[in-house]
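The values are calculated or read from the model by the stated rules, or taken from the named source; none is laboratory data. As the structure is a prediction and not an experimental result, all values here were calculated from the model. So basically every Cβ, Gly included, is an ideal-geometry build from the backbone, and we count neighbours across all protein chains shown.
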Amino acid sequence: MAEKAAVGFVAAPALLRGLLRVPGRMPQYPACLHVPRGALSEAVCGRSGRESSVVSRSRPNGSGRRMVVPKGWGPSMRVQPIRPGSENRVSMCTVPGGRIHRAQMTGRAWSTAVYAPPMPNSELQRINSFLSAFARRQAARIVDLPGGFAVYDDAFAHSRANNQVVIDTAVDSEAVPAIAEEALGHLPHRLVSVLDDEVGMACAEPLIQAGYTHSTYLVMLHAGPVPAGGPAEEMDLDAIRVPLTRRWRDLLPDVGDEVVRHLVDRREARRRGADVVHFLGARTEEGEVASWADLYLEPATGIAQIEDLITSEAHLGRGYADAVLTTALRLAADNGCDTRFLTADATDWPRHWYERRGFSVIGRSHCFERG
């Protein structure tokens, strides 16, 4: 999904792709923006989430507009008058690091504000390492590839998550479609998961051109207070098999029984993915499993992931998902896992539900699918 450009300054990067190629691993964003007619008096640096922002104020009315400096940009910004009475141009270039302080421009003189890219998020790095290790551990077979690896499990051949390419380090983005084709060419589907946001954005164009669809997922960290606990309980796979099968049939009504069986039974392979794996569920008063989720714990590293929180359609809006989530958070904390996270579709409503329960976005990953 394309980054949104700052309103009033530049078009979305997808529309301007190719205008700039910054050396190294920096993303391809538009080279410059144009400030309205008049002299630029100052540029002030602030922070917005994981990005830095620069606010330009033009005399005489002091009105300001905002531009977004993407993560990884840098590390300098130059403000250059093109000619007196015309417009001013702000462009990015690469020089040794520093921080944005303030840029003022008088006459035809150059003024430079230096920008240092934000420090890497150590929590996000640990989470991505966990996700990479989980994919390797649950796999029946692994093949190392440039930039990552492929995982396979013939027992669940219809499960894309169990037969996919994972990109977990720097890679030549133009080569990724060919890498995926070589690794997954024997399968009717293709799935490429890219854990790093910048690498994923760089891979988007070549993969989309190769016929892939692109989805963005948010990495959300729990920062709120840990709840006292919930009424959900640990279950084996047989307890959730019936509602899980029903859920998959609702989502994929046209697939065969074998496909559904693979999507349900693949949870058994997840037991290999982490040191401790719990299947949690909340029951109705009649004993039916209404909501369920996986909980993966690594007490040695203090990391816990909550995955696939699902509620049956018939039981939505009755608090069952809350029961499962609060139980999972308490179990994670009781096992010494201070880094508690989950992933959520960037375009779907559950992300807001999680935010109301103490989760916040710290990063993004990318998935590309075909077939």
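The table for this structure:
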{"quantity": "Qualifying residue in region 340-361 (condition: of a type outside the set (A, V, I, L, M, F, W, C), crowded, with 19+ Cβ neighbours inside 10 Å and farther than 25 Å from Ser129 by Cα)", "calculated": "no"}
{"quantity": "Filter pass, Ala290 being in contact with a Gly (Cβ under 9 Å, 6 or more places away or on another chain) and either under 21 Å from Ala161 (Cβ atoms) or surrounded by 18 or more Cβ atoms within 10 Å (Cβ to Cβ) (or both)", "calculated": "yes"}
{"quantity": "Answer residue from region 278-319, given it is among the hydroxyl-bearing types (Ser, Thr, Tyr) and free of Cβ contacts under 8 Å to residues at least 40 places away in the same chain and is nearest to Val264 (Cα to Cα) among those", "calculated": "Thr311"}
{"quantity": "Conditions (1) surrounded by fewer than 18 Cβ atoms within 10 Å (Cβ to Cβ); (2) in contact with a strand residue (DSSP E or B) (Cβ under 7 Å, 6 or more places away or on another chain): number failed by Asp154", "calculated": "(2)"}
{"quantity": "Region 210-228, subset surrounded by fewer than 17 Cβ atoms within 10 Å (Cβ to Cβ) and hydroxyl-bearing (Ser, Thr, Tyr), residue nearest to Asp334 (Cα to Cα)", "calculated": "Ser215"}
{"quantity": "Odd one out for Arg137 among (1) at pLDDT 95 or above; (2) of a type in the set (Lys, Arg); (3) in contact with a strand residue (DSSP E or B) (Cβ under 9 Å, 6 or more places away or on another chain)", "calculated": "(3)"}
{"quantity": "Spans of helices (runs of 4 or more DSSP H) in region 221-276 with at least 1 residues small (Gly, Ala, Ser)", "calculated": "237-251, 267-270"}
{"quantity": "Pairs, first under 13 Å from Leu207 (Cβ atoms) in region 167-193, second acidic (Asp, Glu) and at pLDDT 95 or above, C-beta under 7 Å, six or more apart", "calculated": "Arg190/Glu369; Leu191/Glu369"}
{"quantity": "All positions within region 194-225 that are within 30 Å of Ala323 (Cα to Cα) and modelled with pLDDT of 95 or more", "calculated": "Leu195, Ser215, Thr216, Tyr217, Leu218, Val219, Met220, Leu221, His222"}
{"quantity": "Filter result (within 19 Å of the chain's Cα centre (by Cα) and not in a strand (DSSP E or B)) within region 290-348", "calculated": "Ala346, Thr347, Asp348"}
